[in-house]
Amino acid sequence: MRIQGPVHSNVSVIRQRIVRVPPALCRSARGRTCMQVSCVAETSEAAKQVPKPTAGLSTGAYVTNSFGAGRVSRDSVDEEDVLELKNLRNYLVPRDSPFIVDNNHGGGFVGDRDRIRLHTVEFESADSAGSFCADGMMTQGDEDSCILLPEWAIRCGPRKTIYFDPKQVSAAVVTCGGLCPGLNDVVQNIVYTLTDYGVPEDNILGIRYGLRGFYERDAKPITLTRKYVDGIHLKGGTMLGTSRGGANVKEIVRRIDLWGLNMVFVVGGNGGNAAANAISDECEAQGVVCTVVGVPKSIDNDILLIDKCFGFETAVEEAQRALLAAKVEASSARNGLGLVKLMGRQSGFIAMQASMASGVADVCLIPEIPFRIDKLINHIAAVFEKQGHCVVCIAEGAGQDILLNGAGGTDASGNPILADIGIFLRNEFKKHFKGDADIKYIDPSYMIRSVPTTSNDRIYCKVLGQGAVHGAFAGYTDITVGLVNTHYVYLPIPMIIQAPRKVNPKGRRWNRLIAAIRQPDFS
Ligand SMILES: Nc1ncnc2c1ncn2[C@@H]1O[C@H](COP(=O)(O)OP(=O)(O)OP(=O)(O)O)[C@@H](O)[C@H]1O
Ligand SMILES: O=P(O)(O)OC[C@H]1O[C@](O)(CO)[C@@H](O)[C@@H]1O
């Protein structure tokens, strides 16, 4: 549907204002400055200086910084202390959900004001581990990048009132970026849920080979019927195909308009969600009424706020197998050194979790924490001394600063092309230990991300696929769906794409690992 003039989505006005946050919120960040939200020191004098909410800004309402938001008061939470979502409801006609006849199979519905708490831990003091940025999220893995968040996020799920006539829906599904276990599962469940609502099968398009498939002549979209997607979850990869680059947003929106699409589902990572956001903005600018919903996919697990991305658990399962193989090889040789390189361009979640899960890693190196080769080699020598062999796990993005000839440049999507730290380390180890160590190097990267999902991930993908469609029928746009604090929520895309999520070097998870493997500081 096209309307005259730009679409002004029915989002309540977001007030661009930087606030001084009252002391209660700064308990864990005493005296520090949070990014874009200045925290007031915890003194009564400072407390007096906290400005009163201005007219129109009700107590407990939230105020935004770049996109995140700072709570005004913990004690006066009201409906507005929530991560707001854009919607197109002003341009759509509300109607009953088709599932209302049997009360959604007896299971009931989710209300628009159902919400999930974002701040779940109450810390005793600023000394408690993880207390810094307790009421927000860190975008850079360091303390200065803390962005405060409101108290609540809107709950994901089916609504009693929907804003599209299912018979009039024309939808498209696209997968983009690198592979990740579960892509097919998500596509399948989007198709199943759309047709459950009553969307005609002929009206569901699968876009081929990523975003370029919207407009490239040699990759025509396919029609996604239930039969077509039956059983695709048993295979790895994506039956739609994927690619990097090719995000010509104007051209994409031209096709959306031409084909009369009113729902677009983008299954992608930080890049794919940035594309979804750009498409949503362009639709708005061109007056094209089309809801754009992201499903966050990242084998690196680097999406802000989301507990874990789909496919990540499967990836860890596969990755730890490589570590187990390295252990067998290493422990069968005198001074055996098993070196495993895992994916993780900017975030070391796979390496950290696989190291922890395997129980065999002696060293784990991740992009977030710099290391010195001499210190690393000294430690490996000490491990040889103690147990006769050593297993080292390294994320591909680790140690880029020490590589003499970085690969440089960017891929078609603008992601940095990394130099191969695995090969580099193997050569350094060979140079140093000469014949005194038996080095086995394993790089299972593409094997890990090409497998089908484990059962937990399969279930997760089902919920995400269903949730994405429920969100679209609810009239929301520019949203993504994910698990946050173990509940399913809708999040505004601009909030999650501010930066890739990183391992917190001072967080409990990393701390647990280095304590378990007795890893010293290599910096
Ligand atoms: N800022 C952006 N605006 C519009 N499109 C973008 C933007 N960033 C990336 N894209 C597009 O989104 C698509 C996916 O991006 P990218 O290749 O970076 O993978 P991703 O979605 O981040 O997944 P992965 O985690 O596998 O890297 C590409 O087609 C890319 O051109
Ligand atoms: O070789 P490709 O397909 O560009 O993907 C490699 C990248 O994709 C990811 O799997 C996900 O972003 C990274 O870990 C990795 O660096």
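For segment 160-169, indicate whether the set of residues that are closer than 22 Å to CYS309 by Cβ, of a type in the set (Lys, Arg) and in contact with an Asp or Glu (Cβ under 8 Å, 6 or more places away or on another chain) is non-empty. Within segment 160-169, none of the residues are closer than 22 Å to CYS309 by Cβ, of a type in the set (Lys, Arg) and in contact with an Asp or Glu (Cβ under 8 Å, 6 or more places away or on another chain). Counting only residues that are open to solvent by less than 30 Å² (accessible area, probe 1.4 Å) and among the aliphatic types (A, V, I, L, M), segment 452-473 holds 4 of them. The set of residues in segment 424-446 that are open to solvent by 70 Å² or more (accessible area, probe 1.4 Å) and within 16 Å of ligand 1 (Cβ to nearest atom) contains only TYR446. With the condition kept exactly as written, say whether any residue in segment 344-352 is crowded, with 24+ Cβ neighbours inside 10 Å and aromatic (Phe, Trp, Tyr). Looking for residues that are crowded, with 24+ Cβ neighbours inside 10 Å and aromatic (Phe, Trp, Tyr), one finds at least one in segment 344-352, hence yes. Considering each residue of segment 145-186, count those that are more than 16 Å from ligand 1 (Cβ to nearest atom) and of a type in the set (Gly, Ala, Ser), and give that number. Summing the residues that are more than 16 Å from ligand 1 (Cβ to nearest atom) and of a type in the set (Gly, Ala, Ser) in segment 145-186 gives 5.
When you scan segment 242-279, how many residues do you find that are away from ligand 2 (no atom under 16 Å from the Cβ) and at positive phi?
Matching residues across segment 242-279 total 1.
Just checking, does segment 320-327 include any residue being charged (D, E, K, R) and within 11 Å of ligand 2 (Cβ to nearest atom)? No - not one qualifying residue is present in segment 320-327. For segment 257-309, give me the residue count where each residue is within 14 Å of ligand 1 (Cβ to nearest atom) and among the acidic types (Asp, Glu). Residues in segment 257-309 being within 14 Å of ligand 1 (Cβ to nearest atom) and among the acidic types (Asp, Glu): 4 in total. Being surrounded by fewer than 20 Cβ atoms within 10 Å (Cβ to Cβ), β-branched (Val, Ile, Thr) and touching a residue at least 12 places away in the same chain (Cβ under 8 Å): is that true of VAL121 here? In short, yes. The condition of being more than 19 Å from VAL173 (Cβ to Cβ) and open to solvent by 30 Å² or more (accessible area, probe 1.4 Å) holds for only one of ALA274, ALA325, that being ALA325.
Of all residues in segment 474-483, those satisfying the criterion of being crowded, with 23+ Cβ neighbours inside 10 Å and aliphatic (A, V, I, L, M) are ALA474, ILE479, VAL481.
A quick yes/no check of all residues on (1) open to solvent by less than 20 Å² (accessible area, probe 1.4 Å); (2) hydrophobic (A, V, I, L, M, F, W, C); (3) more than 21 Å from the chain's Cα centre (by Cα):
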{"site": "LEU342", "(1), (2), (3)": "yes, yes, no"}
{"site": "ILE369", "(1), (2), (3)": "no, yes, no"}
{"site": "ARG372", "(1), (2), (3)": "no, no, yes"}
{"site": "LEU376", "(1), (2), (3)": "yes, yes, yes"}
{"site": "VAL383", "(1), (2), (3)": "yes, yes, yes"}
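Listed residues ASP218, ASP142; which is away from ligand 1 (no atom under 16 Å from the Cβ), open to solvent by 20 Å² or more (accessible area, probe 1.4 Å) and within 20 Å of the chain's Cα centre (by Cα)?
ASP142
Within segment 152-185, the set of residues being open to solvent by less than 20 Å² (accessible area, probe 1.4 Å), more than 16 Å from ligand 2 (Cβ to nearest atom) and either small (Gly, Ala, Ser) or part of a helix (DSSP H, G or I) (or both) comprises ALA153, GLY157, PRO166, ALA171, ALA172, ASN184, ASP185.
Residues that are at pLDDT 95 or above and within 16 Å of ligand 2 (Cβ to nearest atom) do not occur anywhere in segment 430-437. Would you say GLY287 is more than 16 Å from ligand 2 (Cβ to nearest atom), of a type outside the set (A, V, I, L, M) and open to solvent by less than 10 Å² (accessible area, probe 1.4 Å)? Judged against the criteria, GLY287 is a match.
Only one entry in VAL360, VAL293 is away from ligand 2 (no atom under 16 Å from the Cβ), farther than 20 Å from THR242 by Cβ and open to solvent by less than 30 Å² (accessible area, probe 1.4 Å), namely VAL360. Scanning segment 222-256 for residues that are away from ligand 1 (no atom under 16 Å from the Cβ) and assigned to a loop (DSSP other than H, G, I, E, B) returns LEU224, THR225, ASP230, GLY231, LYS235, MET239.
The values are calculated or read from the model by the stated rules, or taken from the named source; none is laboratory data. All figures in this text were calculated on a predicted structure; none of them were measured in a lab. Backbone-built Cβ (ideal geometry, glycine too); neighbour counts: all protein chains shown. Ligands, DNA and RNA are excluded from the accessible area calculation, which covers all protein heavy atoms including side chains. Shrake-Rupley method; radii C 1.70, N 1.55, O 1.52, S 1.80 Å.
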